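Asks: Before I ask anything, let me first share the structure, which is written out below as structure tokens.
The values are calculated or read from the model by the stated rules, or taken from the named source; none is laboratory data. These figures come from a predicted structure and were not determined experimentally. As a convention, Cβ positions derive from the backbone with ideal geometry for all residues, glycine included, and neighbour counts pool all protein chains shown. Accessible surface is based on the protein model in full, side chains and every heavy atom, while ligands, DNA and RNA are left aside. Shrake-Rupley method; radii C 1.70, N 1.55, O 1.52, S 1.80 Å.
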Amino acid sequence: TVRRSATKMMNHVYLGGIVGFDNNANVITDCSNEGLVENTGAMGGKQLFIGGIAGGSKAAASTFLGCTNKSTAQLNCSASATYIHIGGIVGESGIAGDVIGTAEKPCNNEGTITNSGKSSNGSTNTVPNIALGGLVGWGISPSITKATNSGAITNTGGLSYDQNIITAGGIAGTLTGA
């Protein structure tokens, strides 16, 4: 179990079943998460990223091969934050070129993804405030190959402003170009 329930305000929180945050183009291979990864702590309008394998990757392209978020796994958020990005493999794929599975080593999500947190972003922008995906919550041009999702994705959270965005998808909540 990976649980953040602290009330201290943080700018960015990355929670992952295997790795919280990959900042160095690592290859994460043949691993699985079978537990709970959740945030119930106050965020104070900051950014929250939750992933079954990694909360996030940024600054260098990461590779995830043969990774599975098992059916017993649960990814949950019940706190409000500016951005809430949750994915079965990675919450935020923040650099172009991340690899999520190959034909020989696919990645799979079987676990449930649940958000009841509210986006508290007061600005109008094109970045989804809440992005939920079976493999990737939010990503910049990742390569996703032979990936599957059989887990349920549920959002009961809301938005503070009409201009904010919620996205959800069986494979990715949002994909954007570099």
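Asks: Which ones in region 33-58 are touching a Cys at 6+ places or on another chain (Cβ under 6 Å) and assigned to a loop (DSSP other than H, G, I, E, B)?
Replies: Listed by number, the list holds a single entry, 53.
Asks: With respect to the numbered conditions (1) touching a strand residue (DSSP E or B) at 6+ places or on another chain (Cβ under 8 Å); (2) touching a residue at least 60 places away in the same chain (Cβ under 8 Å); (3) assigned to a loop (DSSP other than H, G, I, E, B), which one is the sole condition not fulfilled by residue 61?
Replies: Here residue 61 meets the rest and fails (2).
Asks: Follow-up question, since we're still on this one. Tell me, yes or no, whether region 129-148 has at least one residue that is more than 19 Å from residue 36 (Cα to Cα), over 12 Å from the mean Cα position of the chain (by Cα), open to solvent by 10 Å² or more (accessible area, probe 1.4 Å) and modelled with pLDDT under 85.
Replies: Within region 129-148 (the criterion being more than 19 Å from residue 36 (Cα to Cα), over 12 Å from the mean Cα position of the chain (by Cα), open to solvent by 10 Å² or more (accessible area, probe 1.4 Å) and modelled with pLDDT under 85), the answer is no, since none of the residues qualifies.
Asks: Filter region 64-78 down to the residues that are open to solvent by 10 Å² or more (accessible area, probe 1.4 Å) and at pLDDT below 95 and list them by number.
Replies: Those that are open to solvent by 10 Å² or more (accessible area, probe 1.4 Å) and at pLDDT below 95: 70, 71, 72, 74, 76, 78.
Asks: Filter region 149-162 down to the residues that are under 15 Å from the mean Cα position of the chain (by Cα) and surrounded by 15 or more Cβ atoms within 10 Å (Cβ to Cβ) and list them by number.
Replies: 149, 151, 153, 155
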